[in-house]
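The values are calculated or read from the model by the stated rules, or taken from the named source; none is laboratory data. This structure is a prediction, so every number in the text was calculated from the model and none was measured. Here the Cβ positions follow ideal geometry from the backbone for every residue, glycine too, while neighbour counts run over all protein chains shown.
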Amino acid sequence: MDTILELKNVTKRFSGLVAVDNLSICQERGTIHSLVGPNGSGKSTSISMINGMLPLTEGEIFFNGDKISGLPVHEIAQRGVGRTFQNIKVFGTMSVLENVMVGGHALNKKSGGIIKYLVNIGGTNREEKLIREKAMEALEFVGIQDLKDMQVKNLAYGRQKMTELARALVNKPQLLLLDEPAAGLNPSERAELTDMLIKIHESGVSLFLVEHNMDIVMNISDIITVINFGAKIAEGTPDVVKNDNEVIRAYLGSKYKKAE
Ligand SMILES: Nc1ncnc2c1ncn2[C@@H]1O[C@H](COP(=O)(O)OP(=O)(O)O)[C@@H](O)[C@H]1O
Ligand SMILES: [Mg+2]
């Protein structure tokens, strides 16, 4: 198997609480691999350990065969790991284009990262121009280039989410970590998001998806890992997972179970 992402016996403790419990996951390149489980089961914590925002208590994480746990966030991003957040992180008073450009600067330690960028916004140097071009490309990819000059706070929530998605795509990640991208979206926005995830995947990006909406998860995932209290309770294709008795008991209920 051509592995893009591997979590090896990863544990995260917050003082007394075990948020992630000896979790091992192997994701094959080119797949949509979903991580699901009840609220508080350690999904967001797992994503934050993968992209370097949270240190591991125990275990190791590998990307393309190289150990990335312990590396700083910008270096993990540079290697090709992008992410979006459960609680959308956009700058409301900035334009759509500026928000997406922040993604281009986030990797660049030399340019001083996000903070310095926010001070220098609107600069005219060569690097700025390149980042602007990459940001426009990402906006065109997600189909909101016409909104580029709008202030983000004036957009519908679904459009704000697309802005965040475009920002995560600016650096052309090989692996995109998505933390509940469908949360808060109405049905038509959800359908649009699902199409967009498929389009991103078809462009060659592997997706690591945390999502509560099981219709989306069951429809687009190649493999699903189910966790409860931070520990893996099941893993497999959607058909295997939705008929697993422990998954039904701990999380899914029998809604998705095949009729006997
Ligand atoms: N920074 C933190 N400090 C202390 N406890 C935390 C922190 N972040 C998350 N937790 C706890 O860790 C557990 C897992 O949280 P989280 O990963 O956010 O779950 P999920 O994303 O699956 O809903 C929860 O019990 C949560 O309260
Ligand atoms: Mg979460």
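Side notes on the structure shown:
- Residue-level check: of (1) surrounded by fewer than 16 Cβ atoms within 10 Å (Cβ to Cβ); (2) modelled with pLDDT under 95; (3) hydrophobic (A, V, I, L, M, F, W, C), Phe85 misses just (1).
- In the range 1-18, of all residues being in contact (Cβ under 8 Å) with a residue 60 or more places away in the chain and in contact with a Phe, Trp or Tyr (Cβ under 9 Å, 6 or more places away or on another chain), the one that is nearest to ligand 1 (Cβ to nearest atom) corresponds to Val18.
- Residue match in the range 107-128 (condition: of a type in the set (Asp, Glu) and either surrounded by 20 or more Cβ atoms within 10 Å (Cβ to Cβ) or modelled with pLDDT under 95 (or both)): yes
- Qualifying residue in the range 74-96 (condition: touching a residue at least 40 places away in the same chain (Cβ under 8 Å), within 16 Å of ligand 1 (Cβ to nearest atom) and more than 22 Å from Ile200 (Cα to Cα)): no
- Some residue of the range 62-69 being among the hydrophobic types (A, V, I, L, M, F, W, C), within 16 Å of ligand 1 (Cβ to nearest atom), crowded, with 19+ Cβ neighbours inside 10 Å and modelled with pLDDT of 95 or more: no
- Taking strands (runs of 3 or more DSSP E) as the structural unit, those lying wholly within the range 11-108 and holding at least 1 residues that are within 16 Å of ligand 2 (Cβ to nearest atom) and either farther than 22 Å from Glu137 by Cβ or in contact with an Asp or Glu (Cβ under 9 Å, 6 or more places away or on another chain) (or both) correspond to 17-28, 32-36, 81-83.
- In the range 38-47, residue modelled with the lowest pLDDT [restricted to those that are more than 6 Å from ligand 1 (Cβ to nearest atom) and touching a Phe, Trp or Tyr at 6+ places or on another chain (Cβ under 8 Å)]: Pro38
- Residues of the range 147-174 satisfying the condition of being over 27 Å from Gly80 (Cβ atoms) and in contact with a strand residue (DSSP E or B) (Cβ under 8 Å, 6 or more places away or on another chain): Asp149, Met150, Gln151
- For the range 22-37, residues that are of a type in the set (Val, Ile, Thr), within 15 Å of the chain's Cα centre (by Cα) and within 16 Å of ligand 1 (Cβ to nearest atom) total 1.
- Taking the criterion of being part of a loop (DSSP other than H, G, I, E, B) and surrounded by fewer than 16 Cβ atoms within 10 Å (Cβ to Cβ), the residues of the range 138-149 that qualify are Gly143, Asp149.
- Any chance Ser24 is free of Cβ contacts under 8 Å to residues at least 12 places away in the same chain and either of a type in the set (Gly, Ala, Ser) or buried (at least 23 other Cβ atoms within 10 Å of the Cβ) (or both): no
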